[in-house]
Amino acid sequence: MGISIDMTGFVAVYIFMLAGFAGWVIIGHVPAILHTPLMSGSNFVHGIVVVGGLYALLNATTFEQQVMGFVAVLFGAGNAAGGYAVTARMLKMFQPSLHAPPKPAISVVASPKKN
Amino acid sequence: MFTASAEFIIGAVDLIASFLFLFGLQRMSSPVTASSGIGVAGIGMAVAVLASFLYALNVDQVVKPYLAQNIALAIVALAFGGGLAWLAGKRVAMTAMPQMVAIYNGLGGGAAGAIAGIELFGDKYDGAGQLCVTLLGAIIGSVSFSGSIVAWAKLDGRLKKPTRFKHQRLVNALVFVSTLAFGVAIINAVLGDALRPVSVSALIYVFFALALILGIMLTLPIGGADMPVVISIYNAFTGLAVGLEGFVLQNPALMIAGMVVGAAGMLLTLLMAKAMNRSITNVLFSNFGEVSAALQGQIKGELKPTAASDAGIAMRYAEKVIIVPGYGLAVAQGQQKLFEFVKLLQAGGVNVRFAIHPVAGRMPGQMDVLLAEAGVPYDMIFQLEDINDDFASVDIALVIGANDVVNPAARSDKSSPIFGMPILNADKARQVYVVKRGEGKGYAGIVNALFYDDNCNMVYGDAQAVLVKMIEAIRGLGLPAAA
């Protein structure tokens, strides 16, 4: 078919490495104020496991596999839907001041002596 | 032809979904764009799920008789799992968010574990390499599943005390080693031509049971205040497990999304551990809070209680106030009242800011969310490193429901268990008011020297009740709002 990709050996390792690096860099820039939504947001992203569950369930050929596939899709869907619902709810709450004075500059007081 | 185009569509959609996940997470890095970020990632998820039904066009001949049944099962599972979680997510209170995230995370780990189960029972992996990866993903996913459930029970108050017993670490190590041993036994049984005293299925069942027990055992001894770190680790674990199972399924979207979350979760865990000045192994294995009570230095001075109304009025006449909210505020559900009080101060021309410690709450950044829920604009909320030097120049610091994160012993007392942890320098303010339920200690079980300082007064009572009194006191002054 020529369109499928084989991810074996080093190709897989490269994908893991680059993806891991991307995650590290993206999250490194998130301010602490957003850490909770970020955690639930990344929690939502691994809900993509539901796609793996669907694949496994659709290809199931025994009762055992059907049960486990059902569980995988059930759980994966819960992970994705729930993660989305709570993250979207939380992020909606973050609002700037209404008559927005730009974020007050941190007062330039001489920093106190460290002890 | 038909199957070829189905495969192409799935491949293309997975590629788009992976991009949307990365783009969405990237947009989540600023409060301004964050709300659209989750929407972008959500679209990616929706198209990926829809496209995966195309797998049905491309199944082996042996699967055909089961296909209709499988599709029906898939739709029921999607609707049921997704629907229930969606409703729960819409309804859950913001204070209960950490346990909710723990549950969702556990579900993801369980799903990864179940996929590994299908791979193992169905002999669907390709060679020894994939078998090892499947087993590894199975362990990590199962630990994340059962561990997250225990974390949920702790955060939800169903498990009150950390469970600790003698030789706990030894027992945990034994469970861990036997899990690995059964993994090796499975590899041997499948690949080697060794005698098979028991069936491979039996080995797989025991292997999963051990991995699940391991997750429970690892989480049981960890105390409630360390749960932020634990959820974060399990979040990373689930991501990793998903990535590994994605490799076995040869699905790049799972590999990328899983590994991005794995790395992000690891980074977040490290940041948090740093904010507590502890290593991750210390959080996981040290039984924090057990011995600290014995190690206290002498503290001079006495506790000086004051009336809520006096404290409230003092703040009304102050020029600059910094508020340090902690988990106690959330427990008392006092966020709304706090913001009402702050608005009164602001109407009187007082400069008010919030200072948040990185590990305040039961999840990193939870206090930020709780304040945002109460309507506090995010430009009034400052993080430790941005505001700590300003305490010295403010008239009043109001510490409300926080304790260990303002304990100066972390700076000065080498014998203190929290020595070295970065704290908010509330003690540097000209005057400090501490709103507290009673004279009890913080989670770490240590006396807070700040409370005994000359410039510190205690306001005893439930945070919400105290704030109501403060609001009444200021209203009672009958002052006109400043222009």
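Here's the yes/no breakdown for (1) under 16 Å from A:GLY52 (Cβ atoms); (2) outside the structural domain of B:PRO228 (by TED's automatic domain parsing); (3) out of contact with any helix residue (DSSP H, G or I) (no Cβ under 7 Å at 6 or more places or on another chain):
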position	(1), (2), (3)
B:ASN58	yes, yes, no
B:ALA79	no, yes, yes
B:GLY82	yes, yes, no
B:TRP86	no, yes, no
B:LYS90	no, yes, no
B:GLY108	yes, no, no
Residue among B:VAL133, B:VAL49 that alone is in a helix (DSSP H, G or I), outside the structural domain of B:ALA253 (by TED's automatic domain parsing) and among the β-branched types (Val, Ile, Thr): B:VAL49
So how many residues does segment A:70-90 have that are closer than 16 Å to B:ALA72 by Cβ and buried (at least 24 other Cβ atoms within 10 Å of the Cβ)? 4
Restricted to segment B:1-37, and to residues that are within 28 Å of the chain's Cα centre (by Cα) and in a loop (DSSP other than H, G, I, E, B), which residue is farthest from the other protein chains (Cβ to nearest Cβ)? B:THR33
Does B:GLY108 count as part of a helix (DSSP H, G or I), of a type in the set (Gly, Ala, Ser), under 30 Å from B:GLY361 (Cβ atoms) and in contact with a His (Cβ under 6 Å, 6 or more places away or on another chain)? yes
Scope segment B:244-257; condition touching a residue at least 24 places away in the same chain (Cβ under 8 Å) and either within 7 Å of chain A (Cβ to nearest Cβ) or of a type in the set (Gly, Ala, Ser) (or both); matching residues: B:GLU245, B:PHE247, B:LEU249, B:ASN251, B:PRO252, B:ALA253, B:ILE256, B:ALA257
Name, by its number, the condition in (1) in contact (Cβ under 8 Å) with a residue 40 or more places away in the chain; (2) in contact with a Leu (Cβ under 7 Å, 6 or more places away or on another chain) that does not hold for B:LEU240. (2)
Do any helices (runs of 4 or more DSSP H) lying entirely in segment A:4-69 carry at least 1 residues that are surrounded by fewer than 18 Cβ atoms within 10 Å (Cβ to Cβ) and at the interface with chain B (Cβ under 7 Å from one of its Cβ atoms), and which ones are they? A:9-28
Looking at segment B:353-383 only, could you name the residues that are outside any strand (DSSP E or B) and closer than 19 Å to B:LEU270 by Cα? B:HIS357, B:PRO358, B:VAL359, B:ALA360, B:GLY361, B:ARG362, B:MET363, B:PRO364, B:GLY365, B:GLN366
Among B:PRO364, B:PRO417, B:PRO422, B:PRO377, which is the only one that is out of contact with any Asp or Glu (no Cβ under 9 Å at 6 or more places or on another chain) and open to solvent by 20 Å² or more (accessible area, probe 1.4 Å)? B:PRO417
Could you list, in sequence order, all residues of segment B:115-137 that are more than 8 Å from chain A (Cβ to nearest Cβ) and under 13 Å from A:MET68 (Cα atoms)? B:ALA116, B:LEU120
Filtering segment B:55-69 for residues that are open to solvent by less than 70 Å² (accessible area, probe 1.4 Å) and either within 35 Å of the chain's Cα centre (by Cα) or without any contact (Cβ under 8 Å) to a residue 12 or more places away in the chain (or both) leaves a count of 4
Residues that are surrounded by fewer than 20 Cβ atoms within 10 Å (Cβ to Cβ) and at pLDDT 90 or above: does segment B:329-338 have at least one? yes
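The values are calculated or read from the model by the stated rules, or taken from the named source; none is laboratory data. Computed from a predicted model, the values in this text were never measured in an experiment. Backbone-built Cβ (ideal geometry, glycine too); neighbour counts: all protein chains shown. Please note that ligands, DNA and RNA were not included when accessible areas were found on the heavy atoms of the full protein model with its side chains. Shrake-Rupley method; radii C 1.70, N 1.55, O 1.52, S 1.80 Å.
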